[in-house]
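Engineer: One structure is given below, represented as structure tokens, and several questions about it will come after.
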Amino acid sequence: MHKKNARYRAFWCAALLSAAALGFLAVPAALRAQSDERIARERDAPLYRYLDRAGTKLDCYFTIEEMPRETDGLSNWIEHYRVEWGEDPATIKDLLERLSGSVKGVRFQRSEDNPAVIHVIDARLEQAGKYALDRRIDLDYEGPLQPLVDLLQARYDKNLHSREVFVVGGWPGLIDDTTTKIKLTARHVSIRRILTDWLPLSKRGRILWLSESERTAGGGWDTDIQYLGGSYSEYEGPTCLPGPLVLREPVEGLDYRTAEPVINGVIPFTSGQVAYCNNPDPDKKRVRVNLVHEAVSFIDERLTTENPLQVRWAMLYLGKRKAEDGIPILLKHVDYRYTTCGLVEESYPAAKALIQIGKPAAEAAMLEVLEQDESPLRLKLLAYVANSVRGARLTRGMLQNRLEQAKDEAVKERLRHALEYCFDEGD
């Protein structure tokens, strides 16, 4: 089966050359009505490009599971399938409805356990039975991603393979991942979830992994797995492939690298990861607006109106800049949940940002634990922040000292619960 790697090399290289030849970047929908010779329009694109753009716009991720097409035997037909661009979908629900209606023979399944992820699955794989990725197992693992697949092969399914590593340059979402390491403890969960739910999403491209399956002579499945899009959390520059409208030359009011709107010299946080990656570093370049204050205002407004799209990236921007002015808003929304997965810092981005800010954020988190009447979830997350920055020994010592001094039973109970969440790495 590994002979198919050559086909993948040819496909991805052709994709990269095509994108490089364009030399263009996506333009916001507001410009679509304009007649401008500087702007070109594409009618359709391969599905992988469509998913990359949709994932960036809606802040979601994808996995692809396929098998050779019956008509011509093409193995990578799903990401090769051409779809019309149309208008950008407003919600993930809109995206699923559009794709389900236009890509025949494929099921688009939003994960119930990790709703930031959409599994793109050839429908034939779900109908045949005994498919490895559906199998539920118990597993403890710590290490790189590709050896994880090798371990799954050795323990659970000899026909499950790690695809031969092939590194290509260019777009961040189209490179093999040989660097990311994960740690997981899974009990009675599907192999599909094991491959997905412990990935550091904020450091990855929008297509997480690909699998390709064929029937074996014995009636089973021979399945290759390839992880894509290694860590690039500090990547500076565009984060998605060209979209339906492309720029031939600069257009006023747009960032030429990304074609996102520019207001007062910066990309608004409504652009999510693109703003996070492409806005200038105020420590290195003078900007006309206070980006930290913009991020704080964006978070507050979005979560007040219960419209959390792209809030995660504004929170992570505050962490990236170690912005102490962002600590109050991050503490206020420390229990905002982006998704549900095996990593606390991916599920709760405010907690990750507070940890990135460091000691001032940990001290503020401890003050909340000691003085505020917190919900069990908030208490857990605040203790997690303090524990992650200060270490378990110092955090335990402070909590234990306050517990011994406390007289109010409610305070004692809160401190006992906080102590339960303080642990050494590896406990």
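Engineer: How about the stretch 43-114: which trypsin sites (Lys or Arg not before Pro) there are in a DSSP loop, with at most 12 other Cβ atoms within 10 Å of their Cβ?
Structural biologist: In loop regions of the stretch 43-114 (DSSP not H, G, I, E or B), the sparsely surrounded trypsin sites (Lys or Arg not before Pro) are R43, K104.
Engineer: Restricting attention to the stretch 75-141, which GluC sites (Glu not before Pro) occupy a DSSP loop and are surrounded by at most 15 other Cβ atoms within 10 Å? Show your work: numbers first, answer last.
Structural biologist: Values: sites: E79, E84, E87, E97, E112, E126; in loops: E87, E112.
Answer in residue order: E87, E112.
Engineer: OK, next. Using a simple spin-label model with points 7 Å from Cα along the Cα→Cβ vector, what separation in nm is obtained for R135 and D150?
Structural biologist: With each label placed 7 Å out from Cα toward Cβ, I get 1.9 nm.
Engineer: Translational D (Stokes-Einstein, µm²/s) of the stretch 358-427 at 10 °C and 1.306 mPa s when Rh comes from the Kirkwood sum over C-alpha pairs?
Structural biologist: D, rounded to a whole number, is 136 µm²/s.
Engineer: For each pair in K183/K352; K181/K359; K284/K322, compute the distance between the two Cα atoms and list the pairs where it is over 23 Å. Spell out each step's value before the answer.
Structural biologist: Values: K183/K352 17 Å; K181/K359 26 Å; K284/K322 15 Å.
Where the Cα-Cα span goes over 23 Å, the pairs concerned are K181/K359.
Engineer: Moving on. Rounded to whole Å and ordered largest first, report the semi-axes of the equivalent ellipsoid of the stretch 305-418 derived from its Cα gyration tensor (root of 5λ).
Structural biologist: Working through the eigenvalues yields semi-axes of 25, 15, 12 Å.
Engineer: Using a/c under 1.5 as the rounded threshold, could you call the stretch 84-142 rounded, prolate or oblate? The axes a ≥ b ≥ c are square roots of the C-alpha gyration tensor eigenvalues, and prolate needs a/b larger than b/c, oblate otherwise.
Structural biologist: Because a/c hits 1.5 or more and a/b fails to exceed b/c, the stretch 84-142 counts as oblate.
No value in this document is a laboratory result; all are computed from the given coordinates. Keep in mind that this is a model prediction, so the values were computed, not measured. Cβ coordinates were reconstructed from backbone atoms using ideal geometry, including for glycine residues, and neighbour counts include every protein chain displayed.
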